Amino acid sequence: MPVIAVDSQALLIAKQSAEPPAPAPSPADPAYVIYTSGSTGRPKGVAIHHRALANLLCAMRLEPGLAGKDTVLSVTTVSFDIAVLELFLLLIVGAKVILAKEHEMADGAALLGLLRRHSATVMQATPVTWQLLLEAGWLGHPPLKMLCGGEAMPREARRELAEMRR
């Protein structure tokens, strides 16, 4: 916490604006901008508003559900927009996050080791990453809330992962 010495910093303080600080952002203000080509192939910036971000975080807290007892294995690059879920939602609920290193994200055996060593309860990943885990011999233990996005899940991987949930 900074210490302000009013007597010795009086001249500096006097130069500051007397206006109140800017108000907090409104729900309609942008929280961040992502750049994507989407399905058009033409790059564009898309503003994600605070309202949308708050809605996502509140909804995901309820379903699939995250709580302070959860441990999330994060294999999402922080520059990818879905990383906001792994970072901000964990702060909201007080959960633990394990950040996989770049080389671990591409190694099924290393991911499997992280899952087991940290008893992760949640992971979101692309189908390619889920396939890496399956090829490394993952059989669904520890039990895991599995979130998938970024591209379509191949039918066989979907079937194998669904079998683990039973």
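Observations on the model:
- Failed condition for SER37, given (1) loosely packed, with under 11 Cβ neighbours inside 10 Å; (2) farther than 22 Å from GLY149 by Cβ: (2)
- For region 128-143, the set of residues classified as under 13 Å from ASP107 (Cβ atoms) and either surrounded by 15 or more Cβ atoms within 10 Å (Cβ to Cβ) or in contact with a Pro (Cβ under 6 Å, 6 or more places away or on another chain) (or both) consists of THR129, GLN131, LEU132, LEU133, ALA136, TRP138, listed by residue number.
- For region 95-112, taking the residues that are among the small types (Gly, Ala, Ser) and either buried (at least 17 other Cβ atoms within 10 Å of the Cβ) or at pLDDT below 95 (or both), the one that is nearest to LEU132 (Cα to Cα) is identified as GLY108.
- Of residues in region 89-142 being among the acidic types (Asp, Glu), in contact with a helix residue (DSSP H, G or I) (Cβ under 9 Å, 6 or more places away or on another chain) and part of a helix (DSSP H, G or I), the one farthest from ALA59 (Cα to Cα): GLU135
- The residue that is modelled with the highest pLDDT, among those in region 5-27 that are part of a loop (DSSP other than H, G, I, E, B) and surrounded by 10 or more Cβ atoms within 10 Å (Cβ to Cβ), is PRO27.
- Residue match in region 3-26 (condition: at positive phi and not hydrophobic (A, V, I, L, M, F, W, C)): no
- Sub-9 Å Cβ pairs linking a first residue in region 68-87 that is in a strand (DSSP E or B) to a second residue that is surrounded by 22 or more Cβ atoms within 10 Å (Cβ to Cβ) and among the charged types (D, E, K, R), at least 6 apart or interchain, are VAL72/GLU86; SER74/GLU86, ordered by first then second residue.
- Note on region 113-127: among residues that are polar (S, T, N, Q) and under 17 Å from ASP70 (Cβ atoms), the one that is surrounded by the fewest Cβ atoms within 10 Å (Cβ to Cβ) is SER119.
The values are calculated or read from the model by the stated rules, or taken from the named source; none is laboratory data. Since we're looking at a predicted model, the values are computed, not measured. When we count neighbours, we look across all protein chains shown, and the Cβ atoms used for this are built from the backbone with ideal geometry, even at glycine.
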